[in-house]
1. Taking amide hydrogens as modeled 1.01 Å from N in the peptide plane, which residues meet the under 5 Å criterion relative to residue 254, leaving out close sequence neighbours?
2. Roughly how compact is the chain, stated as its Cα Rg over 2.2 N^0.38 Å to two decimals?
3. Taking the beta-carbon count within 10 Å as an exposure proxy, list 112, 386, 310 from fewest neighbours to most.
4. Reported to two decimal places, what Rg/Rh ratio describes the stretch 395-479 when computed on Cα atoms with Rh from the Kirkwood expression?
5. What net charge do the residues around residue 306 carry, taking every other residue with its C-beta under 14 Å from that of residue 306, with Lys and Arg at +1 and Asp and Glu at -1?
6. If you take every residue apart from residue 345 with its C-beta less than 9 Å away from the C-beta of residue 345, what net charge results, scoring Lys and Arg +1 and Asp and Glu -1?
7. Among 302-308, 363-369, 392-398, 84-90, how do they line up by average Cβ neighbours within 10 Å per residue, starting with the highest?
8. D for the stretch 10-295, whole µm²/s, Stokes-Einstein with Kirkwood Rh over alpha-carbon pairs at 20 °C and 1.002 mPa s: what number?
Amino acid sequence: MSRSTSGVSRRSLLIGSATAALALAVPTAASAAARTAKVLVIGLDGTLLSRIKDADAPRLKALMAAGLTAPSPIYADPMAPTMSGPGWSTLITGVWPDKHNVKDNNFTGHKFAQYPDFLTRVETAKPNLSTYAVSSWAPITDTVFSSKVDTRVSTPSAEYDTGTTSRAVAQLRSADPDAVFVQLDNVDHAGHSYGAASQQYLDAIHGVDGQVGQLVDALTSRATYGTEDWLILITADHGHTDAGGHGGSSWPERQTFMIAVGGTAAAGSTRYDVRMPDVAASALAHLGVAIDPAWGLDGRPIQQPTPDDFDTLRAELTGPVDETGVGAGVIGFTHTPPSGWSVDNTAMGTGGVTEWRGWSFTTDEFWTRAAPDQQRESNVRARNVFAVADGDEWSDKTVSGTFDSTLVSPDFPVTGGSRATLTYTTFYRQESPQKGEVLVSYDGGTPVTVKTYTADVPSRTETVTLSVPSGVTRAKVRFRYTGGNNWFWTIDGVKISRS
């Protein structure tokens, strides 16, 4: 708690401990269609993925080997502190704190009626399915999950994680649940008491590893397991500092992750485009619940990856040059655009910090560690590698002239005489005389401004309707940032869709 075997085709994945091996049969895509989809979400409060790797945690490590591992950063103030209330609300509802409005552990002003938990969405879409939630931290099952969930259990404090585990094991072994959520708390407790750098924290991970093993064993020992298609998702609500505690903006406090086994998760795979809200969206997708765009979910199902051109740059990223606060081992920026893209720096000033001289391509870790606590942590809707124009950081060394750089897209196909939709994820922090402009040109013609930024814009996905002139077939987008020692602008996921 945060306190301040059937005969169908399949691949067998070993998830057993050193003393008791057990094969988890994960169906192929072809065989999964014939099975009953079910979901188990396990939340490990305050658990760092990096410390799982350091700990004696054979069951968790075997699950990582058997499926997908996705490290993922979260927000910090002013969006929300790195606390359990905002963290679990984000994971369970599939939206970020600026939507569910949980900013602390009191849940005051929450918007769960508008953005309900994923089990409630399951009950609404498929009321015949059986849903079950049990937690060691009572607010999760008392407040975040609604009364529409078939069974909600807040484990008495005297029983703690042992009681939570035994209840979930009984449900998995003896009942017929379709969607199960389990929250275990002791790793966070050890983090508060001893710090994430302590042996006690590693010991707590070892303990919860055994409890995860009990849950998986209960699942795979079901008499009906051979006819079921289970997706197991393991995650955390926040991280911890080495000294102990969370709620701040440091990189360790902002750490979460997803481990996914089953469904379409590839064994031994790693992804960097997964974010906290994807847990809820992935569970819904696996259960066949269609995600309505009107719900406004921020999560994307991991079963439906949508990488963009910027993500192809990840292997090309290099370490810091002028930025001394990032850390020598952190890889995370390049000025070389992806294939088809270009950066026009013909009007760009000289000097300044190398990493941010004109539009750059970077990651959350590199960018936020370069200049923490200036709202960069709120760039939550960008994924993996994104583009940034940062006049503030560029000006931290002597400059001549102004920041004037234009990010230029490849040509997108369009249909003349019709409408098209330009979409992109953005986060813009304003200080005069800074300005952001989005321009579109057709068939190599003169660029025309379609959107201008001169005021703060929180992290969001923009949608711009384009009226395509008759006879043209191609559209090119330009993002021009002008300013100086001001703030920044991020761009990600750019595309043009034909109507």
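Read the figures in this text as sums done on the coordinates, not as results from a lab. Remember, predicted model here, so these are calculated numbers, not experimental data. We place every Cβ from the backbone using ideal geometry, glycine too, and count neighbours over all the protein chains shown.
1. Placed amide hydrogens put 239 under 5 Å from residue 254.
2. Computed over Cα atoms of the chain, the ratio equals 1.01.
3. Least to most surrounded, the residues fall as 112, 310, 386.
4. On the way: Rg = 15.0 Å, Rh = 14.4 Å.
Ratio of gyration radius to Kirkwood radius for the stretch 395-479: 1.04.
5. Here the count lands on -1.
6. With Lys, Arg at +1 and Asp, Glu at -1, the neighbours total -1.
7. The densest-packed peptide leads the list: 84-90, 363-369, 392-398, 302-308.
8. 115
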